[in-house]
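Values in this text are rule-based calculations from the coordinates and carry no lab data. Predicted model only: the values in this text are computed from it and were never measured. Cβ coordinates were reconstructed from backbone atoms using ideal geometry, including for glycine residues, and neighbour counts include every protein chain displayed.
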Amino acid sequence: WQTVQTGASTIAAVSGVCQALSTSDIFGIVGPSLSLEVPITAEFAKEVGIPAVSYAATNPDFSNRNMYPAFYRVVPSDSAAAIAIVKLFIRFNWTSCIIIYQNDQFGTGGANVIKDEFHKNDLIVATMVVFDIETRSIRGNLSTSLIGSSSRIVVLWATSTHTPLILQ
């Protein structure tokens, strides 16, 4: 086996895989861990005829077998988390929330699947607030969004790297 550090770069991911494939008998890829690296890695795996198995990428789009026939994962997609969140809201008779999410494939995908599950269950997403991972700040005025909303429940969909920045 071989490992490749990608540094969250899709080009580094492909470069590392190409180098590994050229020097040994690789029969599969374990990874990537980040959803943003999946499209190019999965496409590459499909083209060379090997599976790519992620231990952490959760974007529900990757469950589409037509688009990602060589991609597999060992963790559930964000759809499972969204369904669990909806069940929690129903159990406690909560009706609305504010979603704060980071603006990458993980954050946007997760926020959208939660919003869709809320809609299917007649729950309300009062406000969606974006945390910009490039500027490392909330877009707009978070205080105004929170104070102006009738909802008092916040769903934070962000990685452990960005969560402390959002909560400050």
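Here's how it looks for Ser137: its modeled amide H is under 5 Å from those of Asp132, which are all 5 or more places away or on a different chain.
Our summary of shape: the Cα atoms of segment 10-73 have principal axis extents of 33, 20, 17 Å, ordered from largest down, in whole angstrom. Distance from the Cα centroid of segment 123-168 to that of segment 22-73 is 31 Å (rounded to whole angstrom). Any idea what the relative contact order of the chain is, in percent, if you count C-alpha pairs under 8 Å spaced at least 6 apart? It comes to 17 percent, rounded to a whole number. Sorted fewest first by neighbouring Cβ atoms within 10 angstrom, Cys18, Cys97 come out as Cys18, Cys97.
Taking θ as phi - 60°, what are the ³J(HN,Hα) couplings along segment 92-98 by the Karplus curve (6.51, -1.76, 1.60), each to the nearest whole Hz, with x for Gly and Pro? Working through the residues one at a time gives 9, 6, 7, 10, 8, 8, 10 Hz. Calculation over all alpha carbon pairs of segment 78-167 in 5 angstrom steps from 0 returns a P(r) of 3, 15, 26, 25, 19, 11, 2, 0 percent.
In plain terms, the chain from Asp25 to Ile40 could stretch by 3.3 nm, reckoned as 0.36 nm per residue minus the Cα-Cα distance.
Both radii are taken from the alpha-carbon atoms of the chain; with Rh as the Kirkwood radius, Rg/Rh is 1.05. Panel order for Glu37, Glu47, by other beta carbons found within 10 Å of each beta carbon, from fewest to most: Glu47, Glu37. In segment 78-167, with Lys and Arg counted as +1 and Asp and Glu as -1 at Cβ, which of these residues, Ile124, Ala80, Gly140, has the Cα nearest the positive end of the dipole, that is, farthest along it? Comparing the listed Cα positions along the dipole, Ile124 ranks first. Exposure proxy ranking for Trp94, Trp157, based on other Cβ atoms within 10 angstrom of each Cβ and starting from the fewest, stands as Trp94, Trp157.
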